[in-house]
Amino acid sequence: MNLSRSSLLCAALLVAVTACGDDTNDASTTATPTTVAATAAAPDTTTPATTGLDTTVPDTVEHGGERTQYPLTIDNCGRQVTFEKAPERVVILNGTSVAEVESFIALGIEDRILANSQMYGVSDVDGMLEQIMAIPNGGMTLNENYEVPREQVLALQPDLVVSTWSGGFSSEMGLATRDELAEAGINSYVTPVNCAFGVTDPRPEDVAKNENQTYEASFELLEELGLIFDVQHEAGHVIEHAREAIAAIQPPASGGDVHVLLAYPGMSMMDQTGVPGVFAGPFTDSIIEAAGGVNAFPDFATFNDSSNISAEALAAADVDVLVIGLFMDGEDAAAYAAQIFAMYPQWDAAKSGTYTTVAESAYLGPHNAIAIQRIADAIATLG
């Protein structure tokens, strides 16, 4: 998850298997360094209206088989990056994301990863945690800003360093800058939708892309990685399969608006205000709308704005379906749902007990179709 509302989520993430980088380039945390490691765990399976969406890529999908021509030069956040060949020694930085490492796995290029620092506590994809844990971490540890320090990255001698956000190359956070890496002959890459995240003077077009991102940003990442690593054919398969799965989802039979609330209770520790970590903004809207619903909080311009959602606003909201987000091993979705429904018994979702669960598929990454399908299945139970 590479969302700039990390000030809200960071306290929870400290006890998870990934951790936070600050929204800005100013380090302000005093936590001790954390070793990059995690324990695999299966996601909760006791809740209703969940589905095991098929995430395999069918051989029947047809698309172009273009090959990358090297040297390849791309524009990444306004920076020209040239690849003489497909990278073979990749370091993936943390950034509280799994979008990048899961995209590498989806494209079948995880063998190009020299060291990975991304991990999550649960997954919507069977076997994903085990696949991520099988990737070397290069002995990397996270510094007090929950990123891989400059010296460790340089010592690994990668040919490419990938960060989910521009802040992953912040000197103020003790990290190797893109210029420092270039001087050492190392390329760097930021996930395109997050170019504006973590810098003080982003380009207007990068700000617009970050603030208006939808699940299409997940496909953009896959497409560009496919180009860089000469796996465009595989990227086309993954993207087209996801699009087909999303297109096959049936709209709700009711014909009316079904209001869906996505919340990650563990990320807010269900504080005394009774407000779980509510997700809103264009990306979340796009997931819910693709499932046939509307966001219970549809008018937020960016994800950051949803940090202002109060207990009073939740009490006044129309919620037909509750989506419980999980991110840590051992979280109890049924207990979370019961707790939230007890706080807001006026919701139609509370009266009908309608909820489902998601993990990482509800934000940037290659598996958004799973979250969309699960939400659609929950909506379908309403008749």
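The values are calculated or read from the model by the stated rules, or taken from the named source; none is laboratory data. All values derive from a computational prediction rather than experimental measurement. Here the Cβ is made from the backbone with ideal geometry for all residues, glycine too, and neighbour counts use every protein chain on show.
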(request) Please specify each residue of the stretch 144-163 satisfying the condition of being of a type in the set (A, V, I, L, M, F, W, C) and out of contact with any Phe, Trp or Tyr (no Cβ under 9 Å at 6 or more places or on another chain). (result) 148, 153, 154, 155, 156
(message) When the residues of the stretch 280-313 are narrowed to those that are among the aliphatic types (A, V, I, L, M) and closer than 23 Å to residue 383 by Cα, which ends up surrounded by the most Cβ atoms within 10 Å (Cβ to Cβ)?
(response) 288
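Conditions tested, residue by residue: (1) touching a helix residue (DSSP H, G or I) at 6+ places or on another chain (Cβ under 7 Å); (2) crowded, with 24+ Cβ neighbours inside 10 Å; (3) assigned to a strand (DSSP E or B).
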site	(1), (2), (3)
162	yes, yes, yes
176	yes, yes, no
182	no, no, no
185	no, no, no
197	yes, yes, no
200	no, no, no
209	yes, no, no
214	yes, no, no
(request) Say whether the condition of being touching a Ser or Thr at 6+ places or on another chain (Cβ under 8 Å) and without any contact (Cβ under 8 Å) to a residue 12 or more places away in the chain is met by at least one residue in the stretch 141-164. (result) no
(request) Within the stretch 172-181, identify whether any single residue is under 19 Å from the mean Cα position of the chain (by Cα) and not assigned by TED's automatic domain parsing to the domain that holds residue 302, and answer yes or no. (result) no
(message) Looking at the stretch 345-359 only, could you name the residues that are closer than 22 Å to residue 125 by Cα and either in contact with a Lys or Arg (Cβ under 8 Å, 6 or more places away or on another chain) or without any contact (Cβ under 8 Å) to a residue 40 or more places away in the chain (or both)?
(response) 356, 357, 358
(request) Tally the residues that are surrounded by fewer than 22 Cβ atoms within 10 Å (Cβ to Cβ), over 26 Å from residue 348 (Cα atoms) and of a type in the set (Gly, Ala, Ser), restricting the search to the stretch 231-262. (result) 4
(request) Would you mind stating whether residue 141 is surrounded by fewer than 17 Cβ atoms within 10 Å (Cβ to Cβ) and touching a Phe, Trp or Tyr at 6+ places or on another chain (Cβ under 6 Å)? (result) no
(request) Hey, can you tell me all the residues within the stretch 307-325 that are assigned to a loop (DSSP other than H, G, I, E, B), at pLDDT 90 or above and within 25 Å of the chain's Cα centre (by Cα)? (result) 319, 320
(request) Of the conditions (1) touching a strand residue (DSSP E or B) at 6+ places or on another chain (Cβ under 6 Å); (2) under 21 Å from residue 289 (Cα atoms); (3) not β-branched (Val, Ile, Thr), residue 333 clears all except one; give me its number. (result) (2)
(request) Filter the stretch 77-87 down to the residues that are over 24 Å from the mean Cα position of the chain (by Cα) and not hydrophobic (A, V, I, L, M, F, W, C), then identify the one that is surrounded by the fewest Cβ atoms within 10 Å (Cβ to Cβ). (result) 80
